[in-house]
Amino acid sequence: MRVLAIRGQNLTSLAGEFEVDFESEPLASAGIFAITGPTGAGKSTLLDAVCLALFNHVPRLASAARGQVGAAGGETLSADDPRALLRHRAGEGFAEVDFIGLDRGRYRARWYVKRARLRSDGALQLVQQTFTNLDTGEVYGGTRTETLNAIRSKVGLTAQQFGRAVMLAQGDFNAFIEADSNTRAELLEKLTGTDLYARLGVAARAKADRLREALNAIEMRIAAQNGLDDIQRAEAEDRLSKASGEHEAAKGVLAARERDRNWHARAGELAVRVEVAEQARGAAELRRSEAEPRRVDMANRRVAFSIVPAWQAAADANAKVTATQLRISELDREAVAARGRETEALAIDCVAAEKLRLAELDRERERPHLEAARALDARIAELGAKLTPLTATREAAAGDVEASAAHLATATAERDEATAGRTLLADWLDANKSRSPLLARRDDLAADLIEHADLSERAGTLQAEAGTLVTRLSEAHVSMVEAEKSANATREALTTAEESGRIARVALPTLDAAADAETERDRLTGVEPCLLSFERAATELGRQSDAIDADRAELGRIDAQLSASNERKGEIDAASPVLGARHAEATRAGALSAAASGDAAERLRAELVAGEPCPVCGGTDHAVEALAGLIHGRATEDAHRVANLAAEIAALGYERAVLLDRIGQDGTRRAAVTVRIEKGEKAVSTAADVRDALLTKLQEALGPCAINVAIGPQAIRAKVTSRLRVVEERRAGFLRAREDEKRTSAALDAARTTSLEAVEQERVARQTVRDLETEAGRNAERLGDAGKRLEQVAAGLDAALNPLFDWRTDTTAVATLNDLVGVWLEKTREMAAIDAGLPGLGKAASDAEIDHGREAARLEGAVKAERACGDERNTLIGERAPMLGRETVETVADRIVKTVEAASTEREAARIACDGARSAAAAAQARHGQAIKSLELEEADAATRTRTFEAELVARQVSLELVERAAADGASALDAEAKALAEIDRAAVVAETELRSRVEDRDAHAATEAPAVQREALEEALREAVTAEAAARAELSDAEFVIRQDDRARDATAALRLTLEQERTVAHPWFQLDVLIGDATGNKFRKYAQGLTLERLLLHANARLEELKPRYSLERAPGGEMMVQVVDNDMAGEIRGLPNLSGGERFLVSLALALGLSEMSTGQGLRVESLFIDEGFGALDSASLGQAIGVLEQLHATGRRVGVISHIDDVKERIAVKIAVTPASNGSSAIEVQSE
């Protein structure tokens, strides 16, 4: 991974946009470069920008204390929110990094944040993260999480790994070299991120403790199960058996009483049905007799309906005559109107002809005037075209004159302004010439000011630390004494706990004894489920047998009902053909009677003449009156007979359908009962097999218990209960012994942990006292060095700055110095610029004056030419104005043409309208004559049809009102009436059939066996049976509840035992893991893992030392887990301690350790080509610093670019290429790449 460029905007002190391009010179060819600047200038912000763009994460914020930061009442952020790096009052900011990834591709990662509407007081918005492939332009990711994952896949490092591999904490490793074992362990955890192992050790102990508590809870739940013993169980089962028998007996009595109630209810219901059927038959007969007048009326309406066509024809003919008369009146009015329109059209035609003549005369009169006006218009247009370019020339000349005048004024003003400005600058420079010497020494004086501030702050800090160290040392002595007392007390407690544990282990039962007890208990508890299953199977076998007997009785009753229904159906089938033949005979006779009384026969009889032969039979004695009466009576009688027979047939058909439905239902019920019987027989067989199988299973369960099944259920339960009580007592003793052992074991573990912690606290307290004493001595030395340097720097600043300003009281002394020098530089540059530009400004003013005179002369000539052309054009316009009423030639000519054309069009339209009106009048007169002829023919036809209809009325002896009513009702009304009368007859037959069926049902029910209890005493007997059954059911429910509760308790106990064994199996690996790595503080696994981590770190560090300085190698010292020693290979493997190294050697070792950590963090297959080393050079002397810089330069040969972050002057002088971060005004800083 190689960083190519860093860019950003508005990040903390770096205001505005900034860029550091490592591909441009001088950085491109520099193997080592320095990032320099005073403390607080913003050097670390460059590295923050890298972390923001790649990970949306800043390591120094992640280590901040938790909480909120921000102004009271204003916007607040969490202390580790990376948006806090946005510069105060900035509307937006970004961080951007270009780099080469794992696949050697070029990528750009960008982090961006803004405030609402980009306002300085707007609310902070969410961070936007983008990731782009610079080679292909492809954008990776969608959401911020997806984008960060894509970046990580190309970088190959997490944020934490990046911080350890790219930003080398050399200063931390220098502290690592100087620290004691405990501090070194803490630093190693911080640098390598191996605090995970301590957390794993604590987690392993916590997991094991939780599992032990869970197992104890299960055992307590097993002990809390409150089931019945064997004697109580046997008593409960006896109670259940007795309650079941009593309940069955009560159910039988209740069922008998319910059957008695149903018999009486059925008898009452059938009696009511017979009564209802008799009432229905009476009502049907009454409706039949009441319908007789309707039958007579229907016959008369049929006769009247037969002459409705003649009535309708006469009415239609008369209506047609009336319509024709109305049409003749309308045609007469139309003819009169047509003649009036003809007269109007002739008058309009005359007027239009006169208008056309006048328009043509006007056209000839205006022709000479139009020709004269057209000639003048052409000359005026010619002069107008000539005037346009002359006007444009004049306007252009005027614009040039105006522009030249403005240019002359501007040039003159610039020359005068420059002259006055030079005079003022010369005066200021002469008055402030004392600032000139500051220009050469500005950087050195600014550095001294910053160093003075740093040294003052450091001296104050060291003084405060000295006081703090005294207090801490006193507290450490007190803590050490208390830790010694606590350690002695815990050792005594551990001895006591070990003795108690030994006694508890001796009291534990053997595994075989506990297993035997569990096995015997399981065998005994397994007997009861088998016994209950066998008893339930026997009960189920009896219930199935009773159900089959009930179904067989029901099958006998259904067969009897089917036989009676089939017998009645046979009677109906025998009677139906006879009735059908009688109905056919009556229908034929009725047809003959109807034919004799029909319209044709009536007309034939009406035409017979007394004494003349009949055209049908030839007889001369006609007796028409007597014959007509006989025929009409016979027809009515035949119609009644046909209707009665049809109703009787319909009633028998309905009864037969009812019987078929009943037969079908009984057949379905019989099939269902038969199926139930077959299933019941199979169920009985199955129940018998189940009972036998369960008996065998019960014998198998009793065999290992040495109990004979022949002694009966009660005796079996008594034996099992007795033996279970003995086994449970043995198990309770085992559990108590196991609990005692667990309790003492837990107490022993706690005592050991407490003892180890107390011993560790004692060691830590002693080491803390030693460390504080050493630190106090070092602090005194550092305080003296800082005081001496502070005096030297202050003396130099007094000599240089006191004549100009009081630098000691000025809180922004560096900014004041920069302002003084900056203003002097700015004034000097302004003076030089004015001197260089003043001659040019004078020449520009002279040239502008000459140009202005030339443009004024050109404008005067253009004005004269334009005025001459305009005068001639205005004269012609005056001559043309009075002509044609000030209208254009085209307008007048067009108006004359349109007037003539309109008059001609109007004349032609009037002529056409006149011809049309004349034709319309002739056509109207012709239609009127034709209508009169049609009226005469229609009146003759209407008279003929009226006479025919009146003759029909007289012949049929029917009134006109009856015919009109028949016509209004129509044929559908006659058919509906006939259908309604037939329905009345059918209903009477159906009611008679229904009555016979209900009487038969009542008689059949009365023939069955009467109940033992009469109706009067039935209700009381039924209440007693219900009460007895409810009491028996309640007793049975209570007994079953007791058994169910005990079953649940036994099932729960078995399930808990199974769960306990499963949980023990699951917990076993965790208990073993707890023994290996677990403890309450995590120290056991932490120390082991830290030893391995230190060995791996030393392995990588030695590989780097082999490249940089092969004389030295590092190894773990045998005297302690965190002790490290140096092997001097040039001195035959001489061993040296880390504190004995010189400053340069210590830097070399710490750098090797930092590079080793970098290799550990990146893993295999990833090479980091950009490294940044933080502050760590302040304590080196000149020689050691030279050696360190040389070592860093050697890293360039391995393909790495190294950036050194420092504010030390010697470092800046020794490294040629620098990224300088320089403070400016308003708390901002500027970035500049410098090269010497």
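No value in this document is a laboratory result; all are computed from the given coordinates. Quantities reported herein were computed from a predicted structural model and do not represent experimental measurements. Quick reminder, even Gly has a Cβ in these numbers, built from the backbone with ideal geometry, and neighbours come from all protein chains shown.
Measuring from centroid to centroid over Cα atoms, what is the spacing of segment 513-588 and segment 1-23 in Å?
So the separation of the two Cα centres works out to 95 Å.
Calculate how steeply helix 230-290 sits against the longest principal axis of the alpha-carbon atoms of the chain, using the helix alpha-carbon long axis, and give the answer as 0 to 90 degrees to the nearest 10.
The angle comes out near 40 degrees.
Please report how far the C-alpha centroid of segment 875-934 lies from that of segment 391-405, rounded to the nearest whole angstrom.
Cα centres, segment 875-934 to segment 391-405: 60 Å.
Measure nothing but the geometry: give the 0 to 90° angle between the long axis through the Cα atoms of 1182-1194 and the longest principal axis through the Cα atoms of the chain, rounded to 10°.
Once rounded, the angle reads 40 degrees.
Which distance in Å, rounded to a whole number, links the C-alpha centroids of segment 406-479 and segment 811-832?
Segment 406-479 and segment 811-832 have Cα centres separated by 10 Å.
Could you tell me which of rounded, prolate or oblate describes segment 188-324, using a ≥ b ≥ c as the square roots of the eigenvalues of the alpha-carbon gyration tensor, with rounded for a/c under 1.5 and, failing that, prolate when a/b is larger than b/c and oblate otherwise? The partial results should precede the final answer.
Numbers: a/c = 17.35, a/b = 2.00, b/c = 8.68.
Since a/c reaches 1.5 but b/c is at least a/b, the shape of segment 188-324 is classed as oblate.
Long-range amide H contacts for residue 1082: which residues qualify at under 5 Å (H placed 1.01 Å from N, peptide plane, sequence gap of 5 or more or a different chain)?
Amide H neighbours of residue 1082: 202.
Under a Cβ-only charge scheme (Lys and Arg +1, Asp and Glu -1), can you give me the dipole magnitude of the chain about the Cα centre, in debye to the nearest 20?
Numbers: 162 positive and 204 negative charges, 227 e Å.
Dipole of the chain, to the nearest 20 debye: 1100 debye.
Mind pulling up the Rg/Rh value for segment 801-920? Radius of gyration and Kirkwood radius, both on Cα. Kindly include the intermediate steps, with their values, before the conclusion.
Numbers: Rg = 44.1 Å, Rh = 25.6 Å.
Checking Rg against Rh, the ratio lands at 1.73.
State which entries of 742/1084; 788/1212; 207/1084 exceed 20 angstrom in Cα-Cα distance in the structure shown.
Working: 742/1084 23 Å; 788/1212 23 Å; 207/1084 16 Å.
From 742/1084; 788/1212; 207/1084, over 20 Å: 742/1084; 788/1212.
What shape does the chain take by its C-alpha gyration tensor, where a ≥ b ≥ c are the square roots of the eigenvalues and a/c under 1.5 counts as rounded, a/b above b/c as prolate, and the rest as oblate?
Numbers: a/c = 5.06, a/b = 1.26, b/c = 4.01.
The shape class here is oblate.
Per-residue ellipticity at 222 nm for the chain, helices alone: DSSP H runs ≥ 4 residues times -39500 (n - 2.57), over residue total, nearest 500 deg cm²/dmol? All intermediate terms of the calculation are to be shown ahead of the outcome.
Values: 24 runs with 930 residues, N = 1236.
Helix contribution divided over all residues of the chain: -27500 deg cm²/dmol.
Can you run phi through the Karplus equation (6.51, -1.76, 1.60; θ = phi - 60°) for segment 894-900 and list ³J(HN,Hα) in whole Hz, with x for Gly and Pro?
Karplus values, whole Hz, x for Gly and Pro: 5, 5, 5, 4, 5, 5, 5.
Does segment 216-266 come out rounded, prolate or oblate by the C-alpha gyration tensor, with a ≥ b ≥ c the root eigenvalues, rounded set by a/c under 1.5 and, if not, prolate when a/b is larger than b/c and oblate if not?
Numbers: a/c = 11.93, a/b = 3.23, b/c = 3.70.
Oblate, because a/c is 1.5 or more while a/b does not exceed b/c.
For the chain, calculate the relative contact order in percent as a whole number, restricting contacts to Cα pairs under 8 Å that are 6 or more residues apart. Write out the running numbers ahead of the final one.
On the way: 1336 pairs, mean separation 386.1, N = 1236.
About 31 percent, as a whole number.
For the chain, find the longest principal axis of its Cα atoms and tell me its angle to the long axis of helix 1083-1108, 0 to 90°, nearest 10.
Approximately 60 degrees, to the nearest ten.
Under a straight-distance cross-link criterion of Cα-Cα below 17 Å, which lysines are reachable from residue 320, leaving out those fewer than 8 residues away in the same chain?
Counting by Cα, and skipping residues close in sequence, residue 320 has these lysines nearby: 933.
May I ask you to evaluate 6.51 cos²θ - 1.76 cosθ + 1.60, the Karplus curve with θ = phi - 60°, for each residue of segment 736-744 and list the ³J(HN,Hα) values in order in whole Hz, giving x for glycine and proline?
Values, residue by residue: 5, 5, 5, 4, 4, 5, 5, 4, 5 Hz.
Taking the alpha-carbon distance from residue 864 and a cut-off under 24 Å, which lysines remain once sequence neighbours fewer than 8 residues away in the same chain are dropped?
386
Can you tell me which aspartates and glutamates have their Cα less than 18 Å from the Cα of residue 697? Leave out same-chain residues fewer than eight positions away.
Those aspartates and glutamates meeting the cut-off are 520, 522, 528, 535, 540, 689.
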